[in-house]
Amino acid sequence: MKWLQTARGYIAITTAEFLPRFVWTLLLLVLLITVGTLGYMIIERQTFSDSIYMTAITLTAVGYEEVWHLSRVGRVFTMVLLLGGLTFLGVWFANLTSFVVELDLANALQKRRNAQDIKNMKDHVIICGAGRTGRQVARELEASNMPYVIIERDKQRIEQLSEYVNKPHVLEADATHDHALLEAGLQKATGLIACLSADADNLYLCLSARDLAADLTIVARAYEEESIDKLYRAGATKVISPNTSSARRMASVLLRPSVVSFLDIVTRSSGLALRLEQTRVADSSAVVGKSLGDSRIPEVTGLILIAIRQGSELESDFAFNPAASTILRGGDTVITLGDPDQLTKLRAYLG
């Protein structure tokens, strides 16, 4: 995760900057101990053990009783040594405090920057839960350059995100709380993915999200089959059951292996030139009201037109291999196959 790597890098840089200061401070301490010990041994003609003990209690300003009766020169030397000790303690605590404040400030600034970035987002996707499913979803969205925010309350899972994605915006909070959804920009988001660890949490999340944003597209995951209908009633636009999806996929691999391989390539392969994508026809587009034949999408963009969906989320509203007489309307979704440059042309053409 980029922000975590940045924080760690900042800590390393801060440590590297302060390390020479700590080294010089310790060298000052060694110098004071050496000068003090030798001074007492020479001035007062005392033993090494008594001299280093007297130096220690003088430098630290402990104030214990003198080990021996000091001479006039010895008292002057003790005052000078005491002043050096106080200076050392001041420098030491100043460096230590500065180091801690720098680290705290870096962490606070990073959190504030992350919160500001989330606040400025719009038309993004909110991923609730950073488990296996949430991490994979984030990876797919990042590959498609789709802005997203992850809401996760487990710090360990947040740290593991760095292994999957590079630039996540993470909100450390409980996604079932309304304030967390609002802080993630729910009312400006284009969709929400509910992939928390329990169906009950996903159910509660769908209820809250639908109440806060009536037009939001909500995709929820259901572990148990009996939860699917409940999630739809709670406001989910689409419910995905890993068990059902896996069963269908396993059967399809046996029955239609070439079709499954083709779909895997055009929907998942990041290195392939061709991509299967959907593009919405803008209400202000110049092609609105024209037929597919007159709009000449394949000729203008070079894309292969697969299907068109006119206005509804229902699968029955998909028109596969649509006729040239099909009239385009604002809000229609065009399904095409082509390379990234062709898709860019199509978005500009239909925008």
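The values are calculated or read from the model by the stated rules, or taken from the named source; none is laboratory data. What you are looking at is a predicted structure, and each value in this text was computed from that prediction instead of being measured. Glycine gets a Cβ as well: all are built from the backbone with ideal geometry, and neighbour counts include every protein chain shown.
Things worth noting here:
- With a requirement of 3 or more residues that are touching a residue at least 12 places away in the same chain (Cβ under 8 Å), within 25 Å of Pro242 (Cα to Cα) and out of contact with any Cys (no Cβ under 9 Å at 6 or more places or on another chain), the helices (runs of 4 or more DSSP H) lying completely within the range 149-220 that satisfy it span 155-160, 199-212.
- The set of residues in the range 122-164 that are touching an Asp or Glu at 6+ places or on another chain (Cβ under 6 Å) and buried (at least 19 other Cβ atoms within 10 Å of the Cβ) comprises Ala130, Ile158.
- Single residue of the range 176-203 satisfying the filter (within 13 Å of Gly131 (Cα to Cα) and at pLDDT 90 or above) that is surrounded by the fewest Cβ atoms within 10 Å (Cβ to Cβ): Ala198
- For Asp341, the criteria (1) modelled with pLDDT under 85; (2) of a type outside the set (Phe, Trp, Tyr); (3) not in a helix (DSSP H, G or I) hold in every case but one, which is (3).
- Among residues of the range 287-304 being in a loop (DSSP other than H, G, I, E, B) and in contact (Cβ under 8 Å) with a residue 40 or more places away in the chain, the one that is farthest from Asp339 (Cα to Cα) is Gly289.
- If you go through the range 28-85 and keep only what is surrounded by 12 or more Cβ atoms within 10 Å (Cβ to Cβ), aromatic (Phe, Trp, Tyr) and at pLDDT 80 or above, you end up with Tyr40, Tyr53, Phe77.
- Flag for Ser252 being out of contact with any Asp or Glu (no Cβ under 9 Å at 6 or more places or on another chain) and part of a loop (DSSP other than H, G, I, E, B): no
- Residues of the range 332-348 that are surrounded by fewer than 20 Cβ atoms within 10 Å (Cβ to Cβ) and of a type in the set (Gly, Ala, Ser): Ala348 alone.
Residue-by-condition table, conditions (1) closer than 27 Å to Ala200 by Cα; (2) modelled with pLDDT of 90 or more:
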residue: Leu105; (1), (2): no, no
residue: Leu109; (1), (2): no, no
residue: Lys119; (1), (2): no, no
residue: Val125; (1), (2): yes, yes
residue: Glu140; (1), (2): yes, no
residue: Val149; (1), (2): yes, yes
